[in-house]
Structure formats: structure tokens, C-alpha cells
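Heads up: the structure comes next, in C-alpha cells.
The values are calculated or read from the model by the stated rules, or taken from the named source; none is laboratory data. Note that the structure is a prediction, hence the values are computed from the model and not measured. Methodologically, a virtual Cβ is constructed for each residue, glycine included, from the backbone with ideal geometry; neighbour enumeration extends over all protein chains shown.
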């Protein structure tokens, strides 16, 4: 267990922070959830061993998707569900991101810009994959939104896990190369689509005075057209079973984990970060506790915003039927051993007194909420 936590920072310096900064409705929810997570303020639960009757007492969790203490449960549950849709295929990892010049627009128009980021990413991948020059088939995409960089500054980007094959005319076409499309081609198309959709949202955007006229906004977009955008395509990652674990780690990350926090002292917070500009070396940075809270809350998502989306043959509309067809065409169904191992890991509990192992052991006497 980590010695220092985000909750410690929120409890010790939160009151000072809210005197200085105004919080949005969504930020207030996250702020209070993290401060109260697994404390008496959220009630308690009692778990009883079915063999010896030993009782285990604990405080309830907040279950907020921005709380680092509540992501294990959500991640394992998601992995268990999504593992049933795995195909015996290679998978590619694609990252699409936008230049830092757009950060201010993103911060003041989160929902609009995040939706454009999803749309431009998915359409670019699907369009190129269906081109016979590349694969010539409809692939499946699982896209995950991240809004932060290693030091918690604004850095919106999408992680997409893409099937290394797809459907065309009820046939499975497999990608035999170590790349799905050329990264330069994908980056160029993604840039054009993103800026096209952003331009058409001009009347709905909240912009500073330097960009609030259509002429100034168009000039700003022109500078971005002439700039190289960073897009990355990672080669396939081993067995198909590894993919769901890999995606799960990305899907349920928050802006920073407790493990990266190394010290909290005298109003300052020191945490680790990976410096990608210096061969990914692990370094430390120290900022004020108030600045830490500001950066963390900057990544609170809009209410009811979905940060994991599926496209192509994995789109929710026909997902089950498409998976059945793909498995028939590939002529190989993955073993159920992987799914069952996830189930055991998800539900297993070992009694410290008698050593017996239980599944579905929760007996929550006062709040009706799970004790994880």
C-alpha cells in the first residue's frame, strides 16, 4: 500500500484550495468523493466468512471513476465482460493526440472537443482500414480517452486497440503485416478530420478574445494545418489474451496513481513521472499541494461522458453477431480458461482466520453497497 495518497492531499489541503478556486459541479462531486472514500462518512459493511463466521468490518468506497482507490473493482469487472469478445487475432495499439496549442480550447469546451477527438480518430482508422490499399476490411476498435500527461498537465489523446483483421463481404481478412496503415497517412487524415469538425463547431465553442471571430479562428486553424501532429502505431502485442489486460490498465487509469506520490510535506507534493523526451527516464517533480489539486481536477470528465467507446465490428449495435461471425470465419474460439481466471480473481476472498476461500462473499448490512 502506498505511504502517500491523493486522499491525503485532498483532506489536508482541500479546504485551502476551495477558498482560492471555484469548482464546477462535476469537480465538487469528485472532490467530495475522494475525501470521503473508505471513511465513516460513506457508511460501513460487514463481510462474514461462510465457514467459520469470522466477520470483517470495512468502510464503503465512493466508486467514483476518478478515485484511484476504486479502479481495481471497475477494471476487473470490465475485463471480465470484454474478455468474452476477444478474437484469435493480432491487435494494434494506436495513439492519436493533438498539439498543445489546442489545450486551452479543450479545457473550456471539454465535451465538444473530446467527442471530436473520438470521432476523428475512429473515422480515420476505419476509413484507411477499409481502403484496399491497406487492409480492405472493417476492423474493430476499442478507444480510450486520456486527458493528461505524465505531470498531469492537459494532454488529450486517444488510445485505440484495433483488430489486426476485419470483415468484408462476410469474409475475415487478416492483416499479415506488422502495421495496419502507415503512421504518416493516419496522422495526416486524423489532423484534417479533427480540424474540419472543430471548425464546424465554431458557434458552439467558448473561446478567448483572440479567437472569437471567424477570421482569427481560421488563421489559428491554418497554423495547425501546417504543423506535424504526433500519431503512433505500436506493433501487435503477443497473444490475444494479453490484449484485454493491456487495455484494462489503460482504461481505468486516473490522472496519477497513489504509488507515484513520493512525499507530502510543508504544502508541497513530490511525485514521479516518466520523461519521454529523455529516453523515458523516471524523474521527480515537486509542486504545491494546491497546484496538485488543480491539475488533478482539471481532468474531471463531464457528467455521463463515456471514456471508452467501440467502433467498427465492435460497435455496440451489432457487436455480438459480428463476434460470432468472426469466430466462425477464423475457425478458432479462445479457451474459456482465461475468462474463468478473471472471474476467480474478481470474486475471490480468503479468510484470515480459517484460510477458506469464498466467492461472492459480500454481506453488506447497512448500505447495500459492495465492499470493494
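In region 211-220, is there at least one residue being crowded, with 17+ Cβ neighbours inside 10 Å, touching a strand residue (DSSP E or B) at 6+ places or on another chain (Cβ under 8 Å) and part of a helix (DSSP H, G or I)? No: region 211-220 contains no residue that is crowded, with 17+ Cβ neighbours inside 10 Å, touching a strand residue (DSSP E or B) at 6+ places or on another chain (Cβ under 8 Å) and part of a helix (DSSP H, G or I).
Restricting the search to helices (runs of 4 or more DSSP H) fully inside region 1-109 and requiring at least 2 residues that are modelled with pLDDT under 90 and buried (at least 16 other Cβ atoms within 10 Å of the Cβ) gives 71-82. When the residues of region 140-153 are filtered to those that are in contact (Cβ under 8 Å) with a residue 12 or more places away in the chain and part of a loop (DSSP other than H, G, I, E, B), the one that is surrounded by the fewest Cβ atoms within 10 Å (Cβ to Cβ) is 153. Consider region 31-55 and keep the residues that are farther than 30 Å from residue 308 by Cα and without any contact (Cβ under 8 Å) to a residue 40 or more places away in the chain. The one that is farthest from the chain's Cα centre (by Cα) is 53. Only strands (runs of 3 or more DSSP E) whose full extent lies in region 154-193 are considered here, and the ones with at least 2 residues that are within 12 Å of residue 129 (Cβ to Cβ) are 154-163, 165-168. Taken over region 230-265, residues that are modelled with pLDDT of 90 or more, crowded, with 18+ Cβ neighbours inside 10 Å and assigned to a loop (DSSP other than H, G, I, E, B) amount to 3. The selection criterion, being surrounded by fewer than 19 Cβ atoms within 10 Å (Cβ to Cβ), in contact (Cβ under 8 Å) with a residue 12 or more places away in the chain and closer than 27 Å to residue 322 by Cα, does not hold for residue 158. Only residues that are closer than 18 Å to residue 301 by Cβ and without any contact (Cβ under 8 Å) to a residue 24 or more places away in the chain were counted in region 114-136, giving 1. Selection of region 56-113 for residues being closer than 17 Å to residue 307 by Cβ, in contact with a helix residue (DSSP H, G or I) (Cβ under 8 Å, 6 or more places away or on another chain) and free of Cβ contacts under 8 Å to residues at least 40 places away in the same chain yields only 64.
Within region 77-102, count every residue that is over 16 Å from residue 252 (Cα atoms) and out of contact with any strand residue (DSSP E or B) (no Cβ under 8 Å at 6 or more places or on another chain). The total comes to 6. Among the numbered criteria (1) at positive phi; (2) touching a strand residue (DSSP E or B) at 6+ places or on another chain (Cβ under 8 Å), which one does residue 124 miss? It fails just one condition, (1). In region 266-338, counting only strands (runs of 3 or more DSSP E) that sit wholly within it, the ones holding 2 or more residues that are modelled with pLDDT of 90 or more and either surrounded by fewer than 13 Cβ atoms within 10 Å (Cβ to Cβ) or over 20 Å from the mean Cα position of the chain (by Cα) (or both) span 268-275, 281-288. Against the conditions (1) in contact (Cβ under 8 Å) with a residue 60 or more places away in the chain; (2) under 29 Å from the mean Cα position of the chain (by Cα), residue 242 satisfies every one except (1). Any residue in region 118-139 that is part of a strand (DSSP E or B) and closer than 23 Å to residue 324 by Cα? Looking for residues that are part of a strand (DSSP E or B) and closer than 23 Å to residue 324 by Cα, one finds at least one in region 118-139, hence yes. Name the residue that is farthest from residue 132 (Cα to Cα), counting only residues in region 197-209 that are in contact (Cβ under 8 Å) with a residue 60 or more places away in the chain and part of a helix (DSSP H, G or I). Filtering region 197-209 for residues that are in contact (Cβ under 8 Å) with a residue 60 or more places away in the chain and part of a helix (DSSP H, G or I), the one farthest from residue 132 (Cα to Cα) comes out as 204. Within region 165-178, being under 28 Å from residue 324 (Cβ atoms) and surrounded by fewer than 22 Cβ atoms within 10 Å (Cβ to Cβ) holds for 167, 168, 169, 170, 171, 172, 173, 174, 176, 177.
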